[in-house]
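Each remark here refers to the structure printed beneath this line.
The values are calculated or read from the model by the stated rules, or taken from the named source; none is laboratory data. Bear in mind that the values here come from a model prediction, so they are computed numbers and not experimental data. Quick reminder, even Gly has a Cβ in these numbers, built from the backbone with ideal geometry, and neighbours come from all protein chains shown.
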Amino acid sequence: MAMQLSPEVPVGRPARFGCDDDASTPAGAATRRPIVGSVHSWDLSTGVDGPGTRFVTFLSGCPLTCLYCHNPDTWRMRNGKRTTADDVVAEAAKYTTFIRAAGGGATMSGGEPLLQPVFVGELLHRFKHELGLHTALDTSGFLGTRATDALLRDVDLVLLDIKSWDRDTYKKVTGRPLRPTLDFAHRLADLGKEVHVRFVLVPGLTDDPANIDGVASFAASLGNVSRVDVLPFHKLGEGKWQALDMNFTLRDTPAPTPAAVAGARAIFAAYGLNAI
């Protein structure tokens, strides 16, 4: 169950959205407190946003327009709640004992977190160093150049969505080019940052064996991918598309069969990857 954070910002002090601030490090950001971002919601989840039970902050704003997105209500930053980093950390602090006992941590998700790098950098730094939590960044990698080395030092795990290997399919799915994601993946490998690759299996769109093989071969070449999540396409977000008066073009696309999912995982496993 998602729970909304307080949108209130302390009165009498200037507040800036993290995405608009030019501070590039947590220390630089700290000189402009309160750090404020656009937050969609927060939630406690288990098993889908990184290891263990996690405090997940969903940010608003995304440069991609994925055809199968189950949260299109996060695409526009202006639709989020103006929320201070102090508020988010205070909420997460309520659950730290439980989260640690469950082998979990804190995950920044979205939307696309790297659309607000200062806000995200502040939260990752404080989750890790104030609350002592394992940290994860859930990203498409398209805005990877916005992640400073300082931000990435406070990330224990990157959940990297590689939505297709075929460039035309990637553009069709996301509306954006693939190259920035691949560049970011190489950078994470150079830094030795642990990565879980996420791949959504969509019948008739991303399920071509050659496409899956391309993602698998690339992931295996990096040397820092400890897990691959093959995520079966679903239509749980279709109602949100309708509520927003948006055309859900995959309405007639079926979920992949168990055999198709198993086949995709087998392709990744053939490259020595731990495919879940």
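Scanning segment 214-247 for residues that are of a type in the set (A, V, I, L, M) and assigned to a helix (DSSP H, G or I) turns up Val215, Ala216, Ala219, Ala220, Leu222, Ala243.
So, Arg82, is that one at pLDDT 95 or above, outside any strand (DSSP E or B), among the basic types (Lys, Arg) and more than 26 Å from Leu236 (Cβ to Cβ) or not? Steps first, answer last, please.
Working: at pLDDT 95 or above: yes; outside any strand (DSSP E or B): no; among the basic types (Lys, Arg): yes; more than 26 Å from Leu236 (Cβ to Cβ): yes.
So Arg82 fails the test.
Say we look at segment 152-176 and pick out the residues that are within 14 Å of Arg198 (Cα to Cα) and of a type in the set (D, E, K, R); which of these is surrounded by the fewest Cβ atoms within 10 Å (Cβ to Cβ)? The qualifying residue surrounded by the fewest Cβ atoms within 10 Å (Cβ to Cβ) is Asp161.
Does Asn211 satisfy the criteria of being assigned to a helix (DSSP H, G or I) and under 19 Å from Thr174 (Cβ atoms)? Reasoning before the result, please.
Values: assigned to a helix (DSSP H, G or I): yes; under 19 Å from Thr174 (Cβ atoms): yes.
Considered against the rule, which asks whether it is assigned to a helix (DSSP H, G or I) and under 19 Å from Thr174 (Cβ atoms), Asn211 comes out as yes.
Within segment 167-179, one or more residues are of a type in the set (Val, Ile, Thr) and over 17 Å from the mean Cα position of the chain (by Cα). Remark: pairs (first residue in segment 201-226, without any contact (Cβ under 8 Å) to a residue 40 or more places away in the chain; second residue buried (at least 17 other Cβ atoms within 10 Å of the Cβ) and among the β-branched types (Val, Ile, Thr); Cβ separation under 6 Å; 6+ apart in sequence or on different chains) = Asn224/Val195.
Looking only at helices (runs of 4 or more DSSP H) that lie completely in segment 149-200, which have at least 2 residues being modelled with pLDDT of 95 or more and under 19 Å from Gly105 (Cα atoms)?
Helices (runs of 4 or more DSSP H) meeting the threshold: 149-153.
Summed over segment 185-202, the residues that are surrounded by 15 or more Cβ atoms within 10 Å (Cβ to Cβ) and farther than 17 Å from Ala220 by Cβ give a count of 4. Of the residues making up segment 62-103, those that are buried (at least 22 other Cβ atoms within 10 Å of the Cβ), under 19 Å from Ala136 (Cβ atoms) and in contact with a helix residue (DSSP H, G or I) (Cβ under 9 Å, 6 or more places away or on another chain) are Cys62, Ala85, Val88, Ala92, Ile99.
Residues that are closer than 18 Å to Leu159 by Cα, at pLDDT 95 or above, of a type in the set (Lys, Arg) and not in a strand (DSSP E or B) do occur in segment 112-132, at least one of them. In a residue-by-residue description of segment 203-218, the property of being more than 23 Å from Leu250 (Cβ to Cβ) and surrounded by 21 or more Cβ atoms within 10 Å (Cβ to Cβ) applies to at least one position. Each residue in segment 165-182 was checked for being free of Cβ contacts under 8 Å to residues at least 40 places away in the same chain and acidic (Asp, Glu), and 1 pass.
With the requirement that a residue be of a type in the set (A, V, I, L, M) and in a loop (DSSP other than H, G, I, E, B), what does segment 251-276 give you?
Applying the first criterion (of a type in the set (A, V, I, L, M)) to segment 251-276 yields 255, 259-262, 264, 266-267, 269-270, 273, 275-276.
Across segment 251-276, the qualifying residues are Ala255, Leu273, Ile276.
Figure legend. Inter-residue proximity from segment 141-164: first residues more than 28 Å from Thr206 (Cα to Cα) and among the polar types (S, T, N, Q), second residues at pLDDT below 95 and not in a helix (DSSP H, G or I), beta-carbon distance below 6 Å, spacing 6+ or different chains. Indicated pairs: Thr148/Ser24.
Please pick out the residue among Thr139, Thr135 that is in contact with a Ser or Thr (Cβ under 8 Å, 6 or more places away or on another chain) and among the β-branched types (Val, Ile, Thr). First the steps, then the outcome.
Details: Thr139 fails: in contact with a Ser or Thr (Cβ under 8 Å, 6 or more places away or on another chain).
Exactly one residue qualifies, and that residue is Thr135.
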